[in-house]
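What follows is a short report on a single structure.
The values are calculated or read from the model by the stated rules, or taken from the named source; none is laboratory data. Keep in mind that what you see is a predicted model, and the values were worked out from it rather than measured. Note that we place each Cβ from the backbone using ideal geometry, even for glycine, and neighbour counts take in every protein chain shown.
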Amino acid sequence: MSQVKVDAPIALGAEPRSTASFVAFLRDSATNLISVEWHGTITGALDPTLLHHLQPPTQLEAASEQTLTQWRTRYRYGTCHYRRGPGFVMLKDIRSASSAARYLLDDPLLIATFLRCQTPTTRSSLNHRQRHAVDLLHTARLLLRMDDLLIGLPTRMLRWPIPYTAV
């Protein structure tokens, strides 16, 4: 497994564009089995439990020790991921045992909207039907929304882990 170290502190929640970009970086690093060593802060209304499937920070300033400990305890590869097939996307979210869920997206609009949100996307740039799809995905905790900006949360499962029951 490769490793990347981010020296500058990351301020998650402080500014939507930089937060979405860093969340996408963590997500894509996990997709490609790259470990990320980082530290920073969480500010604003950002719910850190949405990120427990991503590499936890080594240090989390201005947050309770419980927040960091909980993230480290709950982090496990594959707890929120998707797989893509011809005409469908399968999602699995087990970040929380009490709200574990599986989804099968087979509606072309829902699939296209989900895939579009894999890069930071503004809600205002979407049409009415896409906004409805975004609302469904956000309610399911599969998108992070900060003001008008959206970013998809699940990692893409490109390689199935051994043993396969690990996820």
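Brief remarks on what is shown
- Qualifying positions in the stretch 84-107 - within 22 Å of residue 22 (Cβ to Cβ) and free of Cβ contacts under 8 Å to residues at least 60 places away in the same chain: 95
- Restricting attention to the stretch 90-106 and to residues that are surrounded by 14 or more Cβ atoms within 10 Å (Cβ to Cβ) and out of contact with any Asp or Glu (no Cβ under 9 Å at 6 or more places or on another chain), the residue that is farthest from residue 76 (Cα to Cα) turns out to be 105.
- Residue pairs whose Cβ atoms lie under 8 Å apart, sitting 6 or more positions apart in sequence or on different chains, and linking a residue in the stretch 34-56 that is free of Cβ contacts under 8 Å to residues at least 24 places away in the same chain to a partner that is among the aliphatic types (A, V, I, L, M) and in a helix (DSSP H, G or I), are 56/68.
- Put simply, of 87, 44, 13 the only residue that is in the same structural domain as residue 140 (by TED's automatic domain parsing), at positive phi and not polar (S, T, N, Q) is 87.
- Pairs are defined by a Cβ separation below 6 Å, a sequence spacing of at least 6 or placement on different chains, a first member in the stretch 108-122 that is surrounded by fewer than 20 Cβ atoms within 10 Å (Cβ to Cβ), and a second member that is of a type in the set (D, E, K, R); the pairs so defined are 109/129; 122/148.
- At least 3 residues being within 24 Å of residue 33 (Cα to Cα) is the threshold, and among the strands (runs of 3 or more DSSP E) wholly inside the stretch 79-159 those reaching it are 80-85, 88-93, 101-105, 149-152.
- Hits in the stretch 54-78 - residues which are assigned to a strand (DSSP E or B) and either in contact with a Lys or Arg (Cβ under 9 Å, 6 or more places away or on another chain) or among the aliphatic types (A, V, I, L, M) (or both): 60
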